[in-house]
Each structure stands twice: as structure tokens, then as C-alpha cells.
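Input: a single structure, listed below in C-alpha cells.
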Amino acid sequence: QVQLVESGGGLVQPGGSLRLSCAASGFPFSNAAMSWYRQAPGKEREWVASITDGGGWTNYADSVKGRFTISRDNAKNTVYLQTNSLKPEDTAVYYCRANLRWASYSDLTNYWGKGTLVTVSS
């Protein structure tokens, strides 16, 4: 019953902002590292950002560094991606993924939600 539900996407002008959310269920969220990925039309899915289980460490792809911020609220089982200074090249479907290094959840990284579409255009 692992479920990942992305939301918050939409149409935004260049320079605008969106806050993306990923609501998770079916696994111990507070023990899982979380990541955001995106897939642009005609492109392979690429990693965007990651955050550790407690939120103490974050990492970002060079293309979004300084503009995007990943965060989490373990009480709400939700991970966020604040996207600022959006560019047309940020247009993509954004997905979240969980990773928990417990044997009983070894397949957790295989789960993807339907994603949320971010379109950056004038």
C-alpha cells in the first residue's frame, strides 16, 4: 500500500515560484530519505534534490542549486520542493521517491506517483 501523491504543479511565468508537495503513506516516512526527480518532454528522468530522514542534510542538482529548496514535515508524512526563479527549462513532470534501507522495504525505490506537471511559460 505504498503511495506517493505529488501535487502543487501548474502554469507559472518565468521568474515565478511554486511549492510542490508529495504526500506519502504505506511506509515509515520518518525513517526514509526522500528525493525529487523530474522528467521533461523527450528527456530522461533526472534527479533534482534529496533530503535525509531527519531533514538535517540536503543535496541538489547543479541546475537547481540556489533556486530550489527541499524540506519535509515528518508529522504530515510530506516532502516539499519550493521552486523559485523558475525558468522555461524547469518545465517537467516532478516526482518524489523514497529510500529506506530496511530489508522489508528493499523495493521502496521502485514506487513512483503520477507526478505533478510544472509548466514555465509566458
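What residue, among those in the range 21-40 that are of a type in the set (Phe, Trp, Tyr) and under 21 Å from LYS87 (Cβ atoms), is least open to solvent (accessible area, probe 1.4 Å)?
TRP36
If I filter the range 41-81 down to residues being among the basic types (Lys, Arg) and closer than 14 Å to SER21 by Cβ, which single residue comes out as nearest to the chain's Cα centre (by Cα)? Quick ask: steps written out before the conclusion?
Here is the first cut: in the range 41-81, the residues among the basic types (Lys, Arg) are 43, 45, 65, 67, 72, 76.
Now narrow it down to the ones that are closer than 14 Å to SER21 by Cβ: 72, 76.
Details: ARG72: 10, LYS76: 15 Å.
Looking at the filtered set, the residue picked out is ARG72.
Would you say LEU18 is more than 30 Å from SER104 (Cβ to Cβ), open to solvent by 60 Å² or more (accessible area, probe 1.4 Å) and aliphatic (A, V, I, L, M)?
Spelling it out, it is not the case that LEU18 is more than 30 Å from SER104 (Cβ to Cβ), open to solvent by 60 Å² or more (accessible area, probe 1.4 Å) and aliphatic (A, V, I, L, M).
Can VAL5 be described as part of a strand (DSSP E or B), modelled with pLDDT of 95 or more, open to solvent by 30 Å² or more (accessible area, probe 1.4 Å) and among the hydrophobic types (A, V, I, L, M, F, W, C)?
yes
What is the number of the single condition among (1) farther than 21 Å from GLN1 by Cα; (2) more than 11 Å from the chain's Cα centre (by Cα) that TYR111 does not meet?
(1)
Tell me which residues, restricted to the range 21-44, are within 19 Å of LEU108 (Cα to Cα), of a type in the set (A, V, I, L, M, F, W, C) and part of a loop (DSSP other than H, G, I, E, B).
PHE27, ALA32
The values are calculated or read from the model by the stated rules, or taken from the named source; none is laboratory data. Because the structure is a prediction, the values reported are computed rather than measured. So basically every Cβ, Gly included, is an ideal-geometry build from the backbone, and we count neighbours across all protein chains shown. The accessibility values were calculated without ligands, DNA or RNA, using every heavy atom of the protein model including side chains. Shrake-Rupley method; radii C 1.70, N 1.55, O 1.52, S 1.80 Å.
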